[in-house]
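> Before we start, here is the structure in question, set down as structure tokens.
The values are calculated or read from the model by the stated rules, or taken from the named source; none is laboratory data. These numbers were taken from a predicted model, which means no experiment stands behind them. Ideal geometry is used to build each Cβ from the backbone, glycine not excepted, and the neighbour counts take in all protein chains shown.
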Amino acid sequence: MSRRLNMVLSSIGKKELMALTGLGFVGFLIVHLAGNFTILGGPDAFNGYAEKLESLGPLILAAEAGMVAMAAVHVVVGLVLIYRNLMARGQGYAKKRGEGGQTLGSWSMRLTGPWILLFVVVHLLQFTFPHKFDAEADTLFAMVTTTFSGAPWAVFYVLSVVVLGFHVSHGFWSAFQTLGAAQGRSGLLRQLAIIVGIVLGLGFASLAMVVFFGQLPVLSQLQK
């Protein structure tokens, strides 16, 4: 037990925790994006999707608790690794230039990470908490369409999901590299990471733009 704990607390163990929690978030984002596309079906489809999730009861609560735990681990371990890297003054683990050295993607993770954390907090305050805990709040469809009909929030959301896509494009590949499944900066996993980042970024951004420009079928009907 002590040996296993020491492994987890080591720098390698921390990086593996970052990798595993990061991959968990990528899986969540893919499912979340797929669910968000139900907004194209109008309020009944989107609100119905949200209600079905809530009807899962203990299962959805367990999933949400798991996401909170993963977020806490990912953020705390990430801060610890950044601190250690700063203290090391560039004397970190020796790596071949083609196998994990400093790149624009890896350097930018310390910048995109805080932005994404801020975005998640804002997202929870705008949609998740009112939907779950405010009995007098509008439906989720109404909250989303009202929020993204305004330019400031639409722009903030689009910029944030583009940052998210960039973060994922490096983090997805880096996670597999940390776990020993990816070698070098090229190859199938690297290409897949870029594709996943682009799909997530453009997917979430396109939905916000559809709402902002009033192109949802239900919005178009209301404007006639």
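> Pick out the one residue from F204, F148, F156, F129 that is loosely packed, with under 13 Cβ neighbours inside 10 Å and at pLDDT 90 or above.
Every option except F129 fails the conditions.
> Same structure, new question: Does N6 meet the test of being more than 23 Å from G203 (Cβ to Cβ) and either modelled with pLDDT of 90 or more or assigned to a helix (DSSP H, G or I) (or both)?
yes
> Is it the case that some residue within region 34-44 is part of a helix (DSSP H, G or I), charged (D, E, K, R), in contact (Cβ under 8 Å) with a residue 24 or more places away in the chain and over 18 Å from V158 (Cα atoms)?
No: region 34-44 contains no residue that is part of a helix (DSSP H, G or I), charged (D, E, K, R), in contact (Cβ under 8 Å) with a residue 24 or more places away in the chain and over 18 Å from V158 (Cα atoms).
> Does L61 count as farther than 24 Å from L118 by Cα and either modelled with pLDDT of 95 or more or among the aliphatic types (A, V, I, L, M) (or both)?
no
> Then there's this: Let me confirm something: among G113, G92, G101, which residue is part of a helix (DSSP H, G or I) and either at pLDDT below 90 or out of contact with any Phe, Trp or Tyr (no Cβ under 9 Å at 6 or more places or on another chain) (or both)?
Exactly one residue qualifies, and that residue is G113.
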